[in-house]
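To keep things clear, I will list the structure first and then write my remarks on it.
The values are calculated or read from the model by the stated rules, or taken from the named source; none is laboratory data. These numbers come from a predicted model, not from an experiment. Neighbour counts are summed over all protein chains in view; Cβ atoms, including those assigned to glycine, are modelled from backbone coordinates with ideal geometry.
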Amino acid sequence: MKKIVIAIDGVSSTGKSTMAKDLAKEIGYTYIDTGAMYRAVTLYCIQHNLFKGDQIDEEKLQESMNDIHISLRFNPETGRPDTYLNGVKVEKEIRGMEVARWVSPVATLGFVRRALVAMQQEMGKEKGIIMDGRDIGTVVFPEAELKIYVTASPEVRAQRRLDELKAKGEAASFEEVLENVKTRDRIDSTRKESPLRQADDAVVLDNSHMTIAEQKAWLLVQYNKAA
Ligand code: C5P
């Protein structure tokens, strides 16, 4: 079978990364979670006090871009990559609510997007990758052989996200998580720079009422058709 690029895009908290990670394991591909990269830049901003009120100090962030080194290293225990920011593992820190609140505004910034997109294109140039995010099939790999666009109702997504946070011992209310999911969808799909949108040639999956096993089986069928 030929090696291909699989681009998975869609709204927040649809379980894209679970699907992507499972398929990568099954077919021996590398899985790249691009949301983790935007989250790591956001964590850097929090650590360096680059948020003032509800504003980002864009000038300082732009000056700091050369000091932000992100790497994704495969963890055989979890079967997915761990995210490192300047050599420190930040997988737990980037998944919390504080980063979730700031990440979409950070991801609207053109200079942040250009830096991360260049890294992502480099990571995928040998193919044999599954990359998930918001602009993979439209901007990062417009020539990807398989493009999936995942969606589900906001309430289903908020509940899944809440269950995940609870499992990690982080307190949050359903209303707070639902609000965050809806706000991120709005910012991500209305921003000027590479907004979230379904690529014309993407296959759509609404997984509101699907189990993880059903999604996995569906994705494997799509892969077998495309590869
Ligand atoms: O996928 P995840 O929910 O972790 O992504 C966090 C945020 O990062 C998204 O809400 C979006 O603002 C941003 N993002 C992006 N482009 C990508 C991946 C993520 O703008 N390719």
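Pairs meeting the criteria (first residue in the stretch 129-143 and among the polar types (S, T, N, Q), second residue within 8 Å of the ligand (Cβ to nearest atom) and at pLDDT below 95, beta carbons under 6 Å, at least 6 apart or on different chains) are lacking.
Residues that are more than 24 Å from Gly96 (Cα to Cα) and assigned to a loop (DSSP other than H, G, I, E, B) within the stretch 177-206 comprise Lys192, Glu193, Ser194, Arg197, Gln198, Ala199, Asp200, Asp201, Ala202, listed in sequence order. Among the candidates Asn66, Asn75, the residue that is in contact with a strand residue (DSSP E or B) (Cβ under 9 Å, 6 or more places away or on another chain), polar (S, T, N, Q) and surrounded by fewer than 14 Cβ atoms within 10 Å (Cβ to Cβ) is uniquely Asn75. If you go through the stretch 207-217 and keep only what is surrounded by 14 or more Cβ atoms within 10 Å (Cβ to Cβ) and part of a helix (DSSP H, G or I), you end up with Gln215, Lys216. If you check Glu58, Glu63 for being among the acidic types (Asp, Glu), over 16 Å from Gly87 (Cα atoms) and in contact (Cβ under 8 Å) with a residue 24 or more places away in the chain, only one passes: Glu58. In this structure, is Glu145 under 27 Å from Ala226 (Cβ atoms), of a type in the set (Asp, Glu) and modelled with pLDDT of 95 or more? Yes. Regarding the stretch 156-171, can at least one residue be identified that is crowded, with 17+ Cβ neighbours inside 10 Å, of a type in the set (Gly, Ala, Ser) and over 27 Å from Thr30 (Cα atoms)? Checked against the condition, which is being crowded, with 17+ Cβ neighbours inside 10 Å, of a type in the set (Gly, Ala, Ser) and over 27 Å from Thr30 (Cα atoms), the stretch 156-171 yields at least one hit. Restricting attention to the stretch 1-30, the residues that are charged (D, E, K, R) and part of a helix (DSSP H, G or I) add up to 5.
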